[in-house]
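Data block below; observations after.
The values are calculated or read from the model by the stated rules, or taken from the named source; none is laboratory data. This structure is a prediction, so every number in the text was calculated from the model and none was measured. Please note: Cβ atoms are built from the backbone with ideal geometry, for glycine as well, and neighbour counts cover all protein chains shown. Side chains included, ligands, DNA and RNA excluded: accessible areas come from the protein's heavy atoms. Shrake-Rupley method; radii C 1.70, N 1.55, O 1.52, S 1.80 Å.
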Amino acid sequence: MNKKTLKDIQVKGKKVFCRVDFNVPMQDGDVTDDTRIRAALPTINYLSEAGAKVILASHLGRPNGQVVEELRLDPVAKRLSDLTGKVVLKTDSVYGDEVNTAISQLEDGDILLIENVRFHPGETTNDPKLVEAFAEMADIYVNDAFGTAHRAHASTAGVAEKLPAVAGFLMEKEIAVLTKALEEPERPFTAIIGGAKVKDKIDVIDNFLDKVDYLLVGGGLAYTFIKAKGYDIGKSLLEEDKIDLAKEFLQKAEEKGVQFIIPEDTVIADRFSEEADTKIVSIEDMPNDWQGLDIGIKTRETFADIIAKSKLVIWNGPMGVFEMNPFAGGTRAVAKSLAEADGFTIIGGGDSAAAVEKFGLSDQMDHVSTGGGASLEFMEGKELPGIKALDDKE
Ligand SMILES: Nc1ncnc2c1ncn2[C@@H]1O[C@H](COP(=O)(O)OP(=O)(O)OP(=O)(O)O)[C@@H](O)[C@H]1O
Ligand SMILES: O=C(O)[C@H](O)COP(=O)(O)O
């Protein structure tokens, strides 16, 4: 990686503004999944043990520049304190007197979490005044918020321009794994793309077609490809305006020698409901008034065979409506195949990471990205503003 990291700087006695992504799921004031907090621990513990005064900043949800009581970071501070075994101080403001006083009282090694940065409207607009306020709090900037690296906000990009700015260990690991996969992949290299819509996956499919040996497509977006191949898809999800694009992708795959695998069978339902009647049919036999909500058994077997012979697999997006039990089988089968694979397995965050976690298989993957949108944009080949803003290695 050509960006400076924590190991390139001295932090002892320094005030370090460290952006983390503690945008975690919450219910009734409790953190329900602390994966992202645990993922930032190596950086936080390192900074604290090395004698830095640690000032943590994160967003939670999308409060639109206003104080939203349910989106305060107190439950996150508590969980962080449990996980580190250290006191985690917390302010109720994002900047100003309360924050300045708290910072002035920090001893080396202390940890402070400021309030949800998106309570201030200047965070998402990258307002220079807020950037200045953040820069005045610290001597050094560390970005460990890979999940928010695709946002050019005050605490992710703006402040990085004002202070010496380096990557934390989580950021470094995410960049290293994804860069190696995209630039020097071991082959066969397989990408599995699912999720709801073609429109959200255009750039990632396009980028992967230049890189992979196999592209496996499932989820809602697969039906537009099935239609593009000339089959009837009943009431399944269809993006009429993307049929031509789907045809172009199939053509490009052929020209590039990429095996583009669409489902050969599908789980269909007579309505979008957990109580629906369901059947598994070949894509040649889809009735008019039923809809496809998961990949079928033969498709799962085909995908499993390809995964088993791949040296590298990246997965983004569920294979069906995995939130409903009758349509979770395809997503579960792909997750299991990845868990059993000998090759290197990367889960591209978001819903796929949530699915793998739900099936209890996260530990069996080589890398589960903490980024949803961020990892998707990375896989699209885009430069992420939160990474770009960090200092280059000399
Ligand atoms: N056949 C289908 N018909 C309708 N919806 C589907 C189908 N297959 C999957 N989905 C839905 O797609 C949604 C996930 O797709 P989406 O594109 O939003 O997320 P994703 O690809 O995981 O992206 P991210 O990583 O950003 O979360 C799930 O809620 C799932 O129910
Ligand atoms: O959960 C995420 O993808 C990140 O924390 C970014 O959140 P955002 O989509 O609200 O910017």
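For the stretch 79-98, state whether one or more residues are assigned to a helix (DSSP H, G or I), within 18 Å of N143 (Cα to Cα) and not small (G, A, S). Write out each step before concluding.
Of the residues in the stretch 79-98, the ones assigned to a helix (DSSP H, G or I) are 79-84, 97-98.
This time we only want the ones that are within 18 Å of N143 (Cα to Cα), so: 80.
Going one step further and asking which of them are not small (G, A, S), we end up with 80.
There is at least one residue in the stretch 79-98 that is assigned to a helix (DSSP H, G or I), within 18 Å of N143 (Cα to Cα) and not small (G, A, S).
Being over 27 Å from T5 (Cα atoms) and either of a type in the set (D, E, K, R) or in contact (Cβ under 8 Å) with a residue 60 or more places away in the chain (or both): is that true of D139 here? Even if it seems obvious, please write down each step before you answer.
Values: over 27 Å from T5 (Cα atoms): no; either of a type in the set (D, E, K, R) or in contact (Cβ under 8 Å) with a residue 60 or more places away in the chain (or both): yes.
No, not satisfied.
Of (1) more than 12 Å from ligand 1 (Cβ to nearest atom); (2) closer than 19 Å to M319 by Cα; (3) touching a Lys or Arg at 6+ places or on another chain (Cβ under 8 Å), L215 satisfies all except one. Which?
The one condition L215 does not meet is (3).
Can you pull out the helices (runs of 4 or more DSSP H) entirely within the stretch 349-394 that have at least 1 residues that are within 16 Å of ligand 1 (Cβ to nearest atom)?
Details: elements: 350-358, 373-379, 385-388.
The qualifying helices (runs of 4 or more DSSP H) are 350-358, 373-379.
For the stretch 40-49, indicate whether the set of residues that are touching a residue at least 24 places away in the same chain (Cβ under 8 Å), of a type in the set (F, W, Y), in contact with a His (Cβ under 9 Å, 6 or more places away or on another chain) and open to solvent by 10 Å² or more (accessible area, probe 1.4 Å) is non-empty. If you could, list the steps in order and put the result at the bottom.
Narrowing the stretch 40-49 to residues touching a residue at least 24 places away in the same chain (Cβ under 8 Å): 40-49.
Right, trim to of a type in the set (F, W, Y) and you get 46.
Still in the running and in contact with a His (Cβ under 9 Å, 6 or more places away or on another chain): none.
No, that holds for no residue.
Yes or no, residue by residue, for (1) without any contact (Cβ under 8 Å) to a residue 12 or more places away in the chain; (2) outside the structural domain of G372 (by the TED database); (3) surrounded by fewer than 22 Cβ atoms within 10 Å (Cβ to Cβ):
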| site | (1), (2), (3) |
| --- | --- |
| D285 | yes, no, yes |
| D289 | no, no, yes |
| R300 | no, no, no |
| F327 | no, no, no |
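Identify the residue in the stretch 347-364 that is touching a helix residue (DSSP H, G or I) at 6+ places or on another chain (Cβ under 6 Å) and within 30 Å of A165 (Cβ to Cβ) and, among all such residues, is farthest from ligand 2 (Cβ to nearest atom).
So the first thing to find is which residues in the stretch 347-364 are touching a helix residue (DSSP H, G or I) at 6+ places or on another chain (Cβ under 6 Å), and the list is 347-349, 355-356, 359, 361-362, 364.
Narrowing further to those that are within 30 Å of A165 (Cβ to Cβ): 347-349.
Values: I347: 14, G348: 12, G349: 8 Å.
Out of the qualifying residues, it is I347.
Show the residue pairs that are 6+ apart or on different chains and have beta-carbon atoms under 8 Å apart, the first residue being within the stretch 59-75 and closer than 22 Å to A152 by Cβ and assigned by the TED database to the domain that holds T125, the second being within 16 Å of ligand 1 (Cβ to nearest atom) and in a helix (DSSP H, G or I).
Every condition considered, the pairs that remain are H59/T148.
Residue by residue, here is whether (1) among the small types (G, A, S); (2) closer than 23 Å to T35 by Cα holds:
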| site | (1), (2) |
| --- | --- |
| L113 | no, yes |
| A133 | yes, no |
| A154 | yes, no |
| E161 | no, no |
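Being open to solvent by 30 Å² or more (accessible area, probe 1.4 Å) and polar (S, T, N, Q) is the filter; apply it to the stretch 302-325 and report the residue that is nearest to ligand 2 (Cβ to nearest atom).
The residue in question is N325.
Scanning for something farther than 30 Å from N116 by Cβ, free of Cβ contacts under 8 Å to residues at least 24 places away in the same chain, open to solvent by 10 Å² or more (accessible area, probe 1.4 Å) and in contact with a Leu (Cβ under 7 Å, 6 or more places away or on another chain), does the stretch 215-232 turn up at least one residue? Show your work before the answer.
The first filter runs over the stretch 215-232 and keeps only residues farther than 30 Å from N116 by Cβ, leaving 215-232.
Still in the running and free of Cβ contacts under 8 Å to residues at least 24 places away in the same chain: 227-228, 230.
If we keep only those that are open to solvent by 10 Å² or more (accessible area, probe 1.4 Å) as well, we get 227-228, 230.
Filter again for in contact with a Leu (Cβ under 7 Å, 6 or more places away or on another chain), leaving 227-228.
Checking the stretch 215-232: at least one residue is farther than 30 Å from N116 by Cβ, free of Cβ contacts under 8 Å to residues at least 24 places away in the same chain, open to solvent by 10 Å² or more (accessible area, probe 1.4 Å) and in contact with a Leu (Cβ under 7 Å, 6 or more places away or on another chain).
I need the full set of residues from the stretch 240-296 which are within 18 Å of L221 (Cβ to Cβ) and of a type in the set (K, R), in order please. First the steps, then the outcome.
Of the stretch 240-296, the ones within 18 Å of L221 (Cβ to Cβ) are 240-253, 258-269, 272, 283, 286, 291-296.
The answer is K242, K247, K252.
Need a quick list: helices (runs of 4 or more DSSP H) entirely within the stretch 219-326 having at least 1 residues that are within 12 Å of ligand 1 (Cβ to nearest atom), hydrophobic (A, V, I, L, M, F, W, C) and touching a helix residue (DSSP H, G or I) at 6+ places or on another chain (Cβ under 6 Å).
Details: elements: 222-228, 243-256, 297-308.
Qualifying helices (runs of 4 or more DSSP H): 222-228.
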